[in-house]
Amino acid sequence: MGPCRVDPFGDGPQKGVCGADADIIVARNLARMIAAGASSHSDHGRDILETLHRVGEGKTDVYTISEPEKMRALAAEYNIETDDKSDQQIAAELAWEMMEDYGMRREKLPLAGRAPEARQEIWEKTGTYPRGIDRENVEMLHRTHMGVDNDWVNILLQAVRTGLSDGWGGSMIATELSDVLFGIPTPKTSSMNLGVLKADQINIVLHGHNPMLSEVIVAAAQDPELLDLAKAQGAEGINLAGLCCTGNEVLMRKGIPMAGNHLMQELAIITGAVEVMVVDYQCIMPAVTETAKCFHTKVVSTFDKAKFPGAEHVQFDPEHGLEIGKQIVRMAVENYANRVAERVHIPSDPTPVMVGFSIEAILGALGGTPQPLVDAIVNGSIRGAVGVVGCSNPKIKQDLGHTELTKQLIENDILVLVTGCAAVADGKAGLMVPEAADMAGPGLSAVCKALGIPPVLHLGSCVDNTRILVLAAALANHLGVDISDLPLAGAAPEWYSEKAVAIGAYVVASGIYTVLGMAPPVFGSPNVVKLLTEGLQDVFGATFAVEPDPNRAAALIRRHIESKRAALKLPAVSLDDIPIPDAELALV
Ligand code: XCC
């Protein structure tokens, strides 16, 4: 009936043709962004879940259960009896139960039961406890159709529930089952930036988000026949490199080096050294196939749900994973002959990184209990912890949103947990090695040196933000408090993706204050802005803030952490001693 353009700040129209005002329009749009992001993560989780199901049915040529103990523990959370059952049988039963998480027969998602009681009560009271993953997303789309939910607050409550169905549902399933199938990440060293590509080898870049195919390509690249073929082509070997979150998945589990984050996908191609870029889905720019046309690089798409004009399509099928993996590696080997040596330019030496800090690995490093971390927070050597997460954004100078904020936080004894493209930014900047402890404040530095860990811990890909939820819940449960009582915060300095909006929604609704570097498109409704930045405090005990300047963002986060410390009666810095500086860095 539109286009409906309202003029919330002027004398122009205040309502659209149907009567929707700025509040409704902004709430609908934000809610739809959250649904798109939650659906992306959750559909990724579904693909992993279907693979577990195939393992349970014995219908795959390559996948097995890598972590039977973790699978049994998960099965117990779903009340599945595991005594005297084989791994295959448990995989079948667990997959079946988790498929119910996507449906409409549950009243509550079982994994949300990991949150502290007090948090779950808030979700109950506000009607935001997530039920079924698909259900919340579909209901969100229904409610934002014209003439359904015409109450902007009610729309946003369902948006919260949709976000929570991602964080404590779809994303958590993706993380947990990737660990079960491919292994729980353990600390390991690797390297990052375009320098990980090798001039004398066949380079295959693994790009996207889903580890199913990339895991088998890692196996296929070691196939003796294909290695012989590579030698016969004159190459020294087959080199794999990651990009974006698929890169994070194989980095943290297999130590595969990382070529770069989101904005480096075209740059990897223009090194002229990439034989094949394999893509699954999410964050793959349509531009990659255009860029690839200027070089010998083949882009290989692998999912029917993510096709790219100009790419060669090899449909992935978990029942024949290894065969398909080998087929793609062979394409790369055969394409080496087309490389133009004079056009190869690999710009820099790789930066070393230490990665792979799953919660299991963190607890392992602490001796099996969070108590040493709690002690360090209580005595103030670590002031608190912040998840710095999310994308690279071309509106900000490459990586600076992440690296400037991270440096300020660790200097002030705040432990930083990173995922996604934020992790790659910090890794390339040399912040993810144990020696970076020298850049941290005295308290954090001493803890890192005692444990031999970096002050910036790599927790994985973006679905692995759920590891941060699990750690926060474990700390809160250990102390008998709610997550919102802890000296924790989140930051997404360069977010662009709808997935990041969904993550922000579930992180804040889980009780963690979150500072965004980029403003979401909500300023047309001062009411929505007020709710997000103030009103949520009374309901969920946490809010959003928007601050593009990393120095100011760091001050906001430090003030938040110190006020949480004071409320817990821990030694705290006075807020008078943490002024919010003037904006200095022109990043945008
Ligand atoms: Fe995409 Fe995950 Fe964002 Fe990076 S951080 S730009 S979502 S790859 Ni997920």
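Collect the residues in segment 480-501 that are closer than 20 Å to W123 by Cβ and either touching a residue at least 60 places away in the same chain (Cβ under 8 Å) or within 16 Å of the ligand (Cβ to nearest atom) (or both), keeping them in residue-number order.
Listed by number, the residues that qualify are V481, D482, I483, S484, D485, L486, L488, G490, V501.
Hey, among the residues in segment 219-262 that are among the basic types (K, R) and either crowded, with 24+ Cβ neighbours inside 10 Å or more than 25 Å from T189 (Cβ to Cβ) (or both), which one's farthest from the ligand (Cβ to nearest atom)?
The residue in question is K231.
Give me a count of the residues in segment 65-92 that are under 27 Å from the mean Cα position of the chain (by Cα), assigned to a loop (DSSP other than H, G, I, E, B) and over 14 Å from L181 (Cβ atoms).
Here the count works out to 1.
State yes or no: is V180 among the β-branched types (V, I, T), more than 28 Å from T533 (Cα to Cα), modelled with pLDDT of 95 or more and crowded, with 24+ Cβ neighbours inside 10 Å?
Judged against the criteria, V180 is a match.
Condition first: in contact (Cβ under 8 Å) with a residue 60 or more places away in the chain, in a loop (DSSP other than H, G, I, E, B), touching a helix residue (DSSP H, G or I) at 6+ places or on another chain (Cβ under 6 Å) and within 23 Å of A341 (Cβ to Cβ). Now tell me which residues in segment 272-314 satisfy that.
G272
State all residues of segment 93-113 that are part of a loop (DSSP other than H, G, I, E, B) and either of a type in the set (G, A, S) or surrounded by fewer than 20 Cβ atoms within 10 Å (Cβ to Cβ) (or both); if no residue qualifies, say none.
G103, M104, R105, R106, E107, K108
Please count how many residues of segment 141-168 are in a helix (DSSP H, G or I) and either of a type outside the set (A, V, I, L, M, F, W, C) or farther than 21 Å from M98 by Cα (or both).
18
Look through segment 299-336, keep the residues that are under 27 Å from P224 (Cβ atoms) and aromatic (F, W, Y), and return whichever of them is farthest from the ligand (Cβ to nearest atom).
Looking at residues that are under 27 Å from P224 (Cβ atoms) and aromatic (F, W, Y), I get Y336.
I'd like to know if segment 450-464 contains one or more residues that are in contact with a helix residue (DSSP H, G or I) (Cβ under 6 Å, 6 or more places away or on another chain), of a type outside the set (S, T, Y), without any contact (Cβ under 8 Å) to a residue 40 or more places away in the chain and away from the ligand (no atom under 16 Å from the Cβ).
yes
Could you list, in sequence order, all residues of segment 263-276 that are within 13 Å of the ligand (Cβ to nearest atom) and touching a Phe, Trp or Tyr at 6+ places or on another chain (Cβ under 8 Å)?
Scanning segment 263-276 gives no hits.
Just for strands (runs of 3 or more DSSP E) wholly inside segment 487-588: which have at least 3 residues that are touching a strand residue (DSSP E or B) at 6+ places or on another chain (Cβ under 8 Å) and surrounded by 20 or more Cβ atoms within 10 Å (Cβ to Cβ)?
On the way: elements: 488-492, 514-516, 544-546.
Hits in segment 487-588: 488-492, 514-516.
Would you tally the residues in segment 29-60 being in contact with a His (Cβ under 9 Å, 6 or more places away or on another chain) and under 27 Å from N154 (Cα atoms)?
So the count comes out to 2.
Would segment 378-394 turn up any residue that is in contact with a helix residue (DSSP H, G or I) (Cβ under 9 Å, 6 or more places away or on another chain), within 16 Å of the ligand (Cβ to nearest atom) and more than 13 Å from A423 (Cα to Cα)?
yes
Condition check: out of contact with any Gly (no Cβ under 8 Å at 6 or more places or on another chain) and under 24 Å from S381 (Cβ atoms). Does L451 satisfy that?
yes
In segment 277-298, which residues are within 16 Å of the ligand (Cβ to nearest atom) and not acidic (D, E)?
M277, V278, V279, Y281, Q282, C283, I284, M285, P286, A287, V288
If you go through segment 187-212, how many residues are within 16 Å of the ligand (Cβ to nearest atom), not β-branched (V, I, T) and not in a loop (DSSP other than H, G, I, E, B)?
Residues meeting the conditions: 6.
Tell me yes or no: at least one residue of segment 427-440 is part of a loop (DSSP other than H, G, I, E, B), within 16 Å of the ligand (Cβ to nearest atom) and charged (D, E, K, R).
No, that holds for no residue.
The values are calculated or read from the model by the stated rules, or taken from the named source; none is laboratory data. Since this is a predicted model, take the numbers as computed values, not measurements. Ideal geometry is used to build each Cβ from the backbone, glycine not excepted, and the neighbour counts take in all protein chains shown.
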